[in-house]
Amino acid sequence: MKKLSISSKIYMALILIFLYAPIFVLIFFSFNEANSTSVFTHFSLKWYGELFRDTNTIKALKNTLVLAISSSVIATILGTAAAVGINAMRSKPLKTTVLTTTNIPMMNPDIVTGVSMMLLFVLVGKLVGIKGVLGFQTLLIAHITFNLPYVILSVLPRFKQMDNNLAEAAQDLGCTPAQSFFRVVLPSIMPGVLTGFIMSFTLSLDDFVISYFVSGPEFQTLPIRIYSMTKKRVTPDIYALSTIIFVSILVLLILINISQRKGENKIKTNNFTKEME
Amino acid sequence: MKKKASLSSKLISSPYIVWMIIFIVFPLLVVAYYSFTDMSGNFTLNNFNNLSRYAPIFTRSIWFGLVATLISLVISYPLAYIISQIPISKQKTIVLLVMLPMWMNFLLRTYSWMLLLEDTGIINNFLVKMGFSRLKLINTEAAVILGMVYNYLPYMILPLYSVMSKMDKSVIEAARDLGGNTTTVISKVVFPLSLPGVISGITMVFVPSVSTFYISQKLGGGKFPLIGDVIEMKFLVSYNYNVGATLSLVLMVLILICLFFMNKFADSEQGGIII
């Protein structure tokens, strides 16, 4: 690997500044005494205190986490299973049909997905005769639906990289199909599964457009709450909240990164010792 | 033995297939149903006959989306290439840094740009302090496009990077050894090999840009309503589900057509390479 030129480094730095500038603005003003985003009076933690007194925001935060975790876990399991099945499909037309349909929520604008699910729920609600169908269940269904393609499409390519003979070899050597799946196939597609899970979790946490259409008044997620707040002028306690979210995700990512690196080093040294033998 | 295994692997995807039919295919049929009916549920084509009044908004949405996508591609391509050239351990860190802003709420990120671009916002205050005059930044077309580029840039960088990092480095080296200069190597080797990443990057930026409805409200000040704004209004302000469904259907079809042509283009490019 050659060393990066100075211009490459500057270019990378500029883009990172562009990506982070608005975030740092929010973090900076979350510590501002005054309720202003043009003048920084002096350092204060008062908006963090305000935030924890705002029960609606705290409740929305809890709702968002519950929704993100449940939808991404379900989508990862369902999606990984689907990817295994799709990979094993011998019939070309069936495979193409399933993959094309899977692509629809990704290709489709979020707003269309949101609108289409809302209309489905409203129509079913009308037929069954329930008023106010929109709530946690509809949000969960919608989130699982838009997460699924991301899981499937990040798992599927892993099969191409995997040697298909391995699974067969494991079975020839006496593994049951289930054993060969959990011991051979799953470990080799695991990076894809993890990527899919992380993507789902992120998308779910951050989703506003689809949630906006399929949520009801009782179950508000954080993005929906933020939306209703940014219609007026936002008070800095929202900046405080975004700072907390940002910092906790940063910490989480650093931890994941460290543990992954440790795992990789282990594998590297293992391989190395094997080669030495 | 093999047949048996593939049968159980086939069955494993059936819960998903059922889910897909109910929650992906069926909702689209419901959208079609609403767009061909009136408020009381009778068949009508009026929703489509009145579409021409939304034509300027559709045109603007597609235009803004195209510009934002092109800018994102131009910015991201060199970056993805640079990232793919650095040591693997550092690559991961940079990719995480690129992804991290996506965890920050999209609405807040956009709102923050409003704070930056306002007439008495951070950038303008800075300009005044430096002795320059204020610039009109917010409520312009440029601000809306900036919001799109900013919000969807990671979606362009990541697929490009993922293709480039998997690229066989020896192919690039071979091209260099055979006398290709940097421009030739990039245009004849790197770019064609990265095309799948380019296509998915374009898709992932273009689609949300065309259909966005928050960015234009906040950064365009309502002066440049996009098709997403109109759809949102139909559904959640004026409760006209039928017209809203029609606009959604048209938006969907327009985007599918765009994507279809793009994939065609990509296929023919790849065909050219084989020849």
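The values are calculated or read from the model by the stated rules, or taken from the named source; none is laboratory data. Bear in mind that the values here come from a model prediction, so they are computed numbers and not experimental data. For neighbour counting, all protein chains shown are included, and Cβ atoms are generated from backbone atoms with ideal geometry for every residue, glycine included. Side chains are part of the model used for accessible areas, which takes the heavy atoms of the whole protein and leaves out ligands, DNA and RNA. Shrake-Rupley method; radii C 1.70, N 1.55, O 1.52, S 1.80 Å.
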Using the 2.2 N^0.38 Å rule of thumb for compact globular proteins, work out how segment A:64-122 stacks up: its C-alpha Rg over that value, please. 1.37
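Other chains' Cβ within 10 Å of A:75-82 residues: what's the mean?
Numbers: counts 2, 0, 1, 4, 3, 2, 7, 8.
If you average over the peptide's residues, the count of other-chain Cβ atoms is 3.
Can you tell me the equivalent ellipsoid semi-axes for the protein assembly as shown? Use √(5λ) from the Cα gyration tensor, largest first, whole Å.
Working: eigenvalues 272, 209, 130 Å².
One finds semi-axes of 37, 32, 26 Å for the protein assembly as shown.
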Within segment A:100-191, report the trypsin sites (Lys or Arg not before Pro) that DSSP leaves as loop and that have at most 14 other Cβ atoms within 10 Å. A:K131
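How big is the C-alpha Rg of segment B:118-190 next to the rule-of-thumb value 2.2 N^0.38 Å, as a ratio?
1.87
When the Kirkwood hydrodynamic radius is evaluated over all pairs of different C-alpha atoms of chain A, what value in angstrom, to one decimal, is obtained?
Details: mean 1/r = 0.0448 Å⁻¹.
Mean inverse Cα-Cα distance, inverted, gives 22.3 Å.
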Helix A:55-88 against the longest principal axis of chain A: what's the angle in degrees, Cα atoms only, rounded to the nearest 10? 20 degrees
Taking just the alpha-carbon atoms of segment B:1-107, what radius of gyration and Dmax come out, in angstrom? 23.6, 63
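Work out which helices of chain B, taken as complete DSSP H runs, extend at least 20 Å along their axis over the Cα atoms and score a mean Kyte-Doolittle of 0.0 or more, then list them. Before the final figure, lay out the partial values.
Values: long enough: B:55-85 (45 Å, 1.35); B:88-103 (23 Å, 1.08); B:141-166 (37 Å, 0.95); B:191-211 (30 Å, 1.50); B:241-274 (49 Å, 1.34).
What comes out of the filter, once short or polar helices are dropped, is B:55-85, B:88-103, B:141-166, B:191-211, B:241-274.
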How many angstrom separate the Cα center of segment B:158-227 from the Cα center of segment A:120-146? 37 Å
For chain B, what is the mean residue ellipticity at 222 nm derived from helices alone (per DSSP H run of n ≥ 4: -39500 (n - 2.57); sum divided by total residues; nearest 500 deg cm²/dmol)? -24000 deg cm²/dmol
Taking only Cα atoms and a 10 Å spring cutoff, compute GNM fluctuations for chain A and point out the largest among A:I27, A:I17, A:I77. A:I17
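How many Å² of accessible area per residue for chain B, probe 1.4 Å? List each step's numbers first, then the result.
Working: 12820 Å² over 275 residues.
On a per-residue basis, 47 Å².
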First measure r as the distance between the Cβ atoms of B:V74 and A:E50, then evaluate 1/(1 + (r/R0)^6) with R0 = 45 Å and state the FRET efficiency to the nearest 0.05. 0.60
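Counting other Cβ atoms within 10 Å of each Cβ, which trypsin sites (Lys or Arg not before Pro) in segment A:1-42 have at most 14 and sit in a DSSP loop?
Values: sites: A:K2, A:K3, A:K9; in loops: A:K2, A:K3.
Here the trypsin sites (Lys or Arg not before Pro) that fit, given the DSSP loop and packing criteria, are A:K2, A:K3.
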Mind jotting down the distance between the C-alpha centroids of segment B:103-120 and segment A:175-232, whole Å? 24 Å
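For a Förster distance of 22 Å, can you work out the FRET efficiency between the beta-carbons of A:L94 and B:L256, rounded to the nearest 0.05? The partial results should precede the final answer.
Details: r = 21 Å, r/R0 = 0.97.
Calculated value: 0.55.
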Rounded Å value of the spacing that divides the Cα centres of segment A:46-65 and segment B:5-76: 35 Å
Helix axis angle, A:6-30 relative to chain A longest principal axis, alpha carbon, degrees: 50 degrees
Residues whose placed amide H lies under 5 Å from that of B:T37, excluding near-sequence neighbours: B:T44
